[in-house]
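Before any comments, here is the structure.
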Amino acid sequence: MGAESDPSTPLDRRRWARTAAGLPTIGASGPDQAAPDDVLSQVDTTWDERLTRLSQHDRVAVGPSLSAVSRQVLRAEADGPDRWVLIIQSGDPDRAAPQVRPLRNCVLGRVAEDASAGLVVVELLFDRPLARGETVITEHELVNVPVLDGTYERKFRLPVREFVLEVGFDPEHPPEFCEQYTRDDRGIEDSRPVALDRGCSVHGVALNFGPGSYGFRWGAAN
């Protein structure tokens with residue numbers, strides 16, 4: 001959270017590579033900080049560390065269930081990246097897995113699931129492989145996501161330059177409290193209360209964030 005110089009410069013790319021070294025494996029955004037290897041082995045995660053997260057914007061609508069539209073701006077740091085891998089933890093093994101709907105510049109690839117863990121891993125395939133330095137904007141939607149504990153968070157294994165999170169609530173059933181929180185890769189959490197705006201929604205912006213989690217939680221007052 002703060003500003004940085006233009007990350008397209010060679011110096012910054014070297015700095016990014018040093019920052020990324022030693023980060024948790026891709027399974028770190030799964031349950032208990034580790035997605036099962038047998039699930040991850042069913043998808044291709046080859047290019048994950050060759051895609052710089054320039055921007056991520058999640059728009060979440062909360063009702064009896066939860067839906068979210070996500071927009072990513074990614075930059076290839078090598079020739080060849082052709083997919084983006086999502087790891088989704090619903091937290092409810094007794095419900096059907098959340099569905100992923102590609103909306104823009106991507107199509108659905110392989111889907112792997114661990115129903116007992118409420119875990120889904122999904123490939124979103126780009127229109128074509130990217131060359132080094134190329135960027136892509138993709139959008140997808142998550143539907144049928146259970147609202148179990150009044151929480152939505154995005155976990156970042158690698159740094160993101162900008163993250164915007166919007167959460168909108170039903171004006172007829174607004175939460176009694178809402179707070180925004182961050183949790184770093186050591187598990188240290190920081191939180192603050194936030195007020196709903198006139199549209200019964202909240203939003204947060206994080207710059208140069210990660211690795212870690214950023215989210216909102218809400219519910220009835222204690």
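For the range 194-201, check the following and say yes or no: at least one residue is surrounded by fewer than 13 Cβ atoms within 10 Å (Cβ to Cβ), without any contact (Cβ under 8 Å) to a residue 40 or more places away in the chain and under 20 Å from Glu153 (Cβ atoms). So far as the range 194-201 goes, yes, one or more of its residues are surrounded by fewer than 13 Cβ atoms within 10 Å (Cβ to Cβ), without any contact (Cβ under 8 Å) to a residue 40 or more places away in the chain and under 20 Å from Glu153 (Cβ atoms). If the condition is being modelled with pLDDT of 95 or more and out of contact with any Phe, Trp or Tyr (no Cβ under 9 Å at 6 or more places or on another chain), then the range 148-195 contributes Val164, Glu166, Gly168, Ala195.
If the condition is being surrounded by 15 or more Cβ atoms within 10 Å (Cβ to Cβ) and not in a strand (DSSP E or B), then the range 109-133 contributes Ala117, Gly118, Leu130. Annotation: Pro102 fulfils all but one of (1) surrounded by fewer than 17 Cβ atoms within 10 Å (Cβ to Cβ); (2) outside any strand (DSSP E or B); the unmet one is (2).
Yes or no, residue by residue, for (1) farther than 27 Å from Gly199 by Cβ; (2) in contact (Cβ under 8 Å) with a residue 60 or more places away in the chain:
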{"site": "Ala115", "(1), (2)": "yes, no"}
{"site": "Val121", "(1), (2)": "yes, yes"}
{"site": "Val136", "(1), (2)": "yes, yes"}
{"site": "His140", "(1), (2)": "no, yes"}
{"site": "Tyr152", "(1), (2)": "no, yes"}
{"site": "Val160", "(1), (2)": "no, yes"}
{"site": "Asp170", "(1), (2)": "no, yes"}
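Candidates Arg186, Arg217: the one that is basic (Lys, Arg), assigned to a strand (DSSP E or B) and more than 15 Å from the chain's Cα centre (by Cα) is Arg217.
The values are calculated or read from the model by the stated rules, or taken from the named source; none is laboratory data. Keep in mind that this is a model prediction, so the values were computed, not measured. Quick reminder, even Gly has a Cβ in these numbers, built from the backbone with ideal geometry, and neighbours come from all protein chains shown.
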